[in-house]
Amino acid sequence: LAKTTQPISMDSYEGQEVNITCSHNNIATNDYITWYQQFPSQGPRFIIQGYKTKVTNEVASLFIPADRKSSTLSLPRVSLSDTAVYYCLVGSSGGSYIPTFGRGTSLIVHP
Amino acid sequence: EPEVTQTPSHQVTQMGQEVILRCVPISNHLYFYWYRQILGQKVEFLVSFYNNEISEKSEIFDDQFSVERPDGSNFTLKIRSTKLEDSAMYFCASSGRGGNGYEQYFGPGTRLTVT
């Protein structure tokens, strides 16, 4: 089971780009990287997922280097509503999979 | 957009009582999950369910817990004899496919308070 490490907290200001890096040194060949966002008293919400290189959707980009031992979630031009906890999960797309949420990164966006 | 729903939103029960938390997953999903989150702590996996049986379960999911899909739409979590430490938010999630290769859709949660 790949263990993930993220910064506990980050601060940013409205309009800035935020990059949150997750380390997963023992990622396995079949593992995907998935990021979730959670607001207080709500369930986590899927943001983005990738396997290698770069993935972009309407809300974020995910950068994964060739060795896949880390990944970076990039949020362009954050707003106050992006204040949340962000979780990085690593796991196989099939077979045995136990979703493991770490402590996540608490992002606070300031006006 | 389809969504996962959970009832009740808040459940208060006395220690030792049985509770059943209900979830309606997204209709064409086949994989179902329960998680809990104690206030201020991380989201913890409890159990995954596919094809009418448990796929994986964590150490938290002991004999006091059970899951069931009683009909084609509901997915329930039962706690037989609640303890104070069971107080938490319980989230249900569903997915069209298993594993981490596929997005899980989470419900809004049920806040369980055991007194």
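The table for this structure:
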read-out: Residues located in region A:95-111, provided they are surrounded by 13 or more Cβ atoms within 10 Å (Cβ to Cβ) and farther than 17 Å from A:Pro40 by Cβ; value: A:Tyr97, A:Ile98, A:Pro99, A:Thr100, A:Gly102
read-out: Those residues of region A:15-45 which are open to solvent by 40 Å² or more (accessible area, probe 1.4 Å) and modelled with pLDDT of 95 or more, in sequence order; value: A:Gly15, A:Gln16, A:Glu17, A:Asn19, A:Thr21, A:Ser23, A:Phe39, A:Arg45
read-out: Of all residues making up region B:1-45, the number that are touching a residue at least 40 places away in the same chain (Cβ under 8 Å) and assigned to a strand (DSSP E or B); value: 20
read-out: Looking only at region B:100-115, and only at residues there that are hydroxyl-bearing (Ser, Thr, Tyr) and more than 10 Å from every other protein chain (Cβ to nearest Cβ), the one that is most open to solvent (accessible area, probe 1.4 Å); value: B:Thr115
read-out: Hits in region A:37-73 (condition: within 8 Å of chain B (Cβ to nearest Cβ) and not in a loop (DSSP other than H, G, I, E, B)); value: A:Gln38, A:Arg45, A:Phe46, A:Gln49
read-out: Tally of residues being within 25 Å of B:Tyr33 (Cα to Cα), assigned to a loop (DSSP other than H, G, I, E, B) and among the aliphatic types (A, V, I, L, M) across region A:74-111; value: 1
read-out: Unmet criterion (only one of (1) without any contact (Cβ under 8 Å) to a residue 12 or more places away in the chain; (2) closer than 12 Å to A:Asp31 by Cβ) for A:Asp67; value: (2)
read-out: Residues being within 11 Å of chain A (Cβ to nearest Cβ) and either open to solvent by 20 Å² or more (accessible area, probe 1.4 Å) or modelled with pLDDT under 95 (or both) - total across region B:6-32; value: 3
read-out: Extreme residue, nearest to the other protein chains (Cβ to nearest Cβ), among residues of region B:89-98 that are over 17 Å from A:Tyr87 (Cβ atoms) and among the small types (Gly, Ala, Ser); value: B:Gly98
read-out: Candidates B:Glu85, B:Glu68, B:Glu1, filtered to the one that is within 14 Å of chain A (Cβ to nearest Cβ) and acidic (Asp, Glu); value: B:Glu1
read-out: Residue among A:Tyr97, A:Tyr87 that is at pLDDT 95 or above and within 12 Å of another protein chain (Cβ to nearest Cβ); value: A:Tyr87
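Quick grid of which residues meet (1) more than 10 Å from chain A (Cβ to nearest Cβ); (2) closer than 22 Å to B:His10 by Cβ:
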site	(1), (2)
B:Gln41	no, yes
B:Phe49	yes, no
B:Ile54	yes, no
B:Lys57	no, no
B:Ile79	yes, yes
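The values are calculated or read from the model by the stated rules, or taken from the named source; none is laboratory data. Please read all numbers here as calculations on a predicted model, not as lab measurements. Neighbour counts are summed over all protein chains in view; Cβ atoms, including those assigned to glycine, are modelled from backbone coordinates with ideal geometry. Protein only, heavy atoms only, side chains kept; ligands, DNA and RNA dropped before computing areas. Shrake-Rupley method; radii C 1.70, N 1.55, O 1.52, S 1.80 Å.
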